[in-house]
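The values are calculated or read from the model by the stated rules, or taken from the named source; none is laboratory data. Treat the numbers as computed from the prediction; the structure is a model and nothing was measured. Neighbour counts run over all protein chains shown; Cβ positions are idealised from the backbone, glycine included.
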Amino acid sequence: MGWKITYLKQAHKDLQRLDHSQLLQVFKAIKKVAENPLPKNEGGYGSPLGNNSLTKLAGLLKIKLKKTGIRVVYKLDKNNETMVIIVVSPRADNEVYKEAQKR
């Protein structure tokens, strides 16, 4: 059984901007990762994010949809086994990561 999935209000708005085929791919990827959303170094599917000169994202993880260029940034609430989706957006010059930091 996978982890519970919740979305920030802004992430719901992000999803509304996607076309139907992108939306299906995003939901499929989130569902798969929710089976084990831990970081890859802990045996999961998530790719950890870190801090750099532009963004401070340590503790967050991402899902990369390579064909569409979409990134899903999420955080884990390990106590409640909940995966919180923060932002869903095309990568576009790191805008997705800047938006994740704001939220």
Q) Among all residue pairs at least 6 apart or on different chains, which show Cβ distances below 6 Å where the first residue, located in the range 9-21, is in contact (Cβ under 8 Å) with a residue 60 or more places away in the chain and the second is part of a loop (DSSP other than H, G, I, E, B)? A) GLN10/ARG103
Q: Spot the failing condition for ASN51; the list is (1) in contact with a strand residue (DSSP E or B) (Cβ under 8 Å, 6 or more places away or on another chain); (2) surrounded by 11 or more Cβ atoms within 10 Å (Cβ to Cβ); (3) without any contact (Cβ under 8 Å) to a residue 40 or more places away in the chain, and only one is missed.
A: (1)
**Q.** Residue ID - nearest to ALA11 (Cα to Cα), chosen from residues in the range 54-93 that are in contact (Cβ under 8 Å) with a residue 40 or more places away in the chain and not in a strand (DSSP E or B)
**A.** LEU60
**Q.** Subset of the range 44-53 that is assigned to a loop (DSSP other than H, G, I, E, B) and not hydroxyl-bearing (Ser, Thr, Tyr) - its residue that is nearest to SER89 (Cα to Cα)
**A.** LEU49
Q: Looking at (1) surrounded by fewer than 22 Cβ atoms within 10 Å (Cβ to Cβ); (2) at pLDDT 95 or above, find the lone condition where ALA58 falls short.
A: (2)
